[in-house]
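Attaching a single structure in structure tokens format; questions to follow.
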Amino acid sequence: MEFRQLYYFVKVADEGNYTRASEKLHVSQPSLSKAIQALERSLGVTLIVRTSRSFQLTYMGEQLYEKGREVVRLYEELSAQMSDLPGRASGFLRCGIPPVLSTLLAPYLLIDFQRRYPDIRVETPEAGSKVIGRRLLSDKLDMALVMGPADASAFRVSPIVSDVLALAMPEGHRLAALKSVEVDELRSERLVLLDESYQLRESFESACARRGFEPLVAASSASWDFLITAVELGQGLTVLPRPILRDLRPGLVYRPLAGEDMRWNIVAITRRDRYIPHIAGLLIEFLQENVRFP
């Protein structure tokens, strides 16, 4: 068994498709097929059942894939370490980010960081914090910026910046007369909140539970713009990070939520069991030094 054959087999199994694998590997489909067929002959087993419409690993194929992908991962990690020189500031970085943070951090990621490190290209796929965490664990991302807390047993967690959560409401609402709002004041209020893919939603509901009530959620959305519009239309109040609410539309106001558990923490996470690329460390250090919200 040659390593090249194992490598091709694992990449084809990763994709579940010869065409996608050949495109990612920049190798022709016939070359992939020949390499895997040679691997099957050397092992004396069938690894992949092929038809014109389906692709399926056999039992032995599943066994080899389970062990082989770890060998390939270690090889790729070692290769990355050998080429990832500390003085080198170039490369490609996949950094997941929730849409609720994207607007706030885009100037730092896409302008300031790129100005300092023009040879580092940062891709920022968006999803809720929980979804991003799963993608990071499946090696689809190199790092992520999420709202804490994060699982320290699975991730290295680096704090970036901390602020407060705030309540957005019509300016004539009874709570608008307060300088800050206690969470208990929301027991009977209709709320429109970020959906359950966001860590913020779980953190807020946990804070309510500690105070002995379940929030009355009238609607959920992955879009904070939708939530602001819902407040404007009288569908309820919403809880969002204060920096997002700095430029509310006329007729709306916000008040910070009181309590240490109503703080909003942005953290950078990387896999605890993986090598951290040097350029990921550069981005984390840059954000720690530069991200500030007025």
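Quick one: how many residues across the stretch 180-202 are open to solvent by less than 10 Å² (accessible area, probe 1.4 Å) and closer than 16 Å to residue 218 by Cα?
Number satisfying all stated conditions: 5.
Scan the stretch 44-59 and report the pairs whose first residue is within 12 Å of residue 18 (Cβ to Cβ) and open to solvent by less than 80 Å² (accessible area, probe 1.4 Å) and whose second residue is at pLDDT below 85 and not acidic (Asp, Glu), with Cβ atoms within less than 7 Å and a gap of 6+ or a chain change.
48/55; 55/16; 55/17
Okay, moving on. Looking for whichever is under 18 Å from residue 97 (Cβ atoms), among the polar types (S, T, N, Q) and surrounded by fewer than 16 Cβ atoms within 10 Å (Cβ to Cβ) here; the options are 290, 265. Which one fits?
Testing whether each residue is under 18 Å from residue 97 (Cβ atoms), among the polar types (S, T, N, Q) and surrounded by fewer than 16 Cβ atoms within 10 Å (Cβ to Cβ) leaves just 290.
Now for a separate question. Got a number for residues in the stretch 229-241 being among the small types (Gly, Ala, Ser) and either assigned to a helix (DSSP H, G or I) or under 25 Å from residue 287 (Cβ atoms) (or both)?
Total meeting the criteria: 1.
Another one. Go through the stretch 124-153 residue by residue and tally those that are crowded, with 18+ Cβ neighbours inside 10 Å and acidic (Asp, Glu).
Counting residues in the stretch 124-153 that are crowded, with 18+ Cβ neighbours inside 10 Å and acidic (Asp, Glu) gives 1.
For the stretch 229-254, how many residues are modelled with pLDDT of 95 or more, of a type in the set (Val, Ile, Thr) and in contact with a helix residue (DSSP H, G or I) (Cβ under 9 Å, 6 or more places away or on another chain)?
Matching residues across the stretch 229-254 total 3.
In the stretch 124-143, is there at least one residue being over 13 Å from the mean Cα position of the chain (by Cα) and in contact (Cβ under 8 Å) with a residue 12 or more places away in the chain?
No, the stretch 124-143 has no match at all.
Results for (1) farther than 24 Å from residue 245 by Cβ; (2) open to solvent by less than 60 Å² (accessible area, probe 1.4 Å); (3) modelled with pLDDT under 85, shown as yes or no for each residue.
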site	(1), (2), (3)
76	yes, no, yes
80	yes, yes, yes
90	yes, yes, yes
96	no, yes, no
103	no, no, yes
111	no, no, no
114	yes, yes, no
119	yes, no, no
122	yes, yes, no
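Every residue in the stretch 217-228 that is in a helix (DSSP H, G or I) and surrounded by 13 or more Cβ atoms within 10 Å (Cβ to Cβ), please.
The answer is 224, 226, 227, 228.
Tell me, which residue of the stretch 249-291 that is basic (Lys, Arg) and more than 21 Å from the chain's Cα centre (by Cα) is nearest to residue 112 (Cα to Cα)?
The selected residue is 249.
Within the set of pairs 6+ apart or on separate chains, which have a first residue in the stretch 1-16 that is surrounded by fewer than 21 Cβ atoms within 10 Å (Cβ to Cβ), a second that is not in a helix (DSSP H, G or I), and C-beta atoms under 6 Å apart?
Going by the 6 Å Cβ cut-off, the qualifying pairs are 16/55.
Checking the conditions here, which among 214, 205 is open to solvent by 20 Å² or more (accessible area, probe 1.4 Å), part of a helix (DSSP H, G or I), free of Cβ contacts under 8 Å to residues at least 24 places away in the same chain and not aromatic (Phe, Trp, Tyr)?
Only one candidate passes the filter, namely 205.
Here's another thing I want to ask about it. Quick one: count up the residues across the stretch 242-262 that are crowded, with 17+ Cβ neighbours inside 10 Å and assigned to a helix (DSSP H, G or I).
The number of residues fulfilling the criteria is 5.
The values are calculated or read from the model by the stated rules, or taken from the named source; none is laboratory data. Keep in mind that this is a model prediction, so the values were computed, not measured. When we count neighbours, we look across all protein chains shown, and the Cβ atoms used for this are built from the backbone with ideal geometry, even at glycine. The area values use the complete protein model at the heavy-atom level, side chains included, leaving out ligands, DNA and RNA. Shrake-Rupley method; radii C 1.70, N 1.55, O 1.52, S 1.80 Å.
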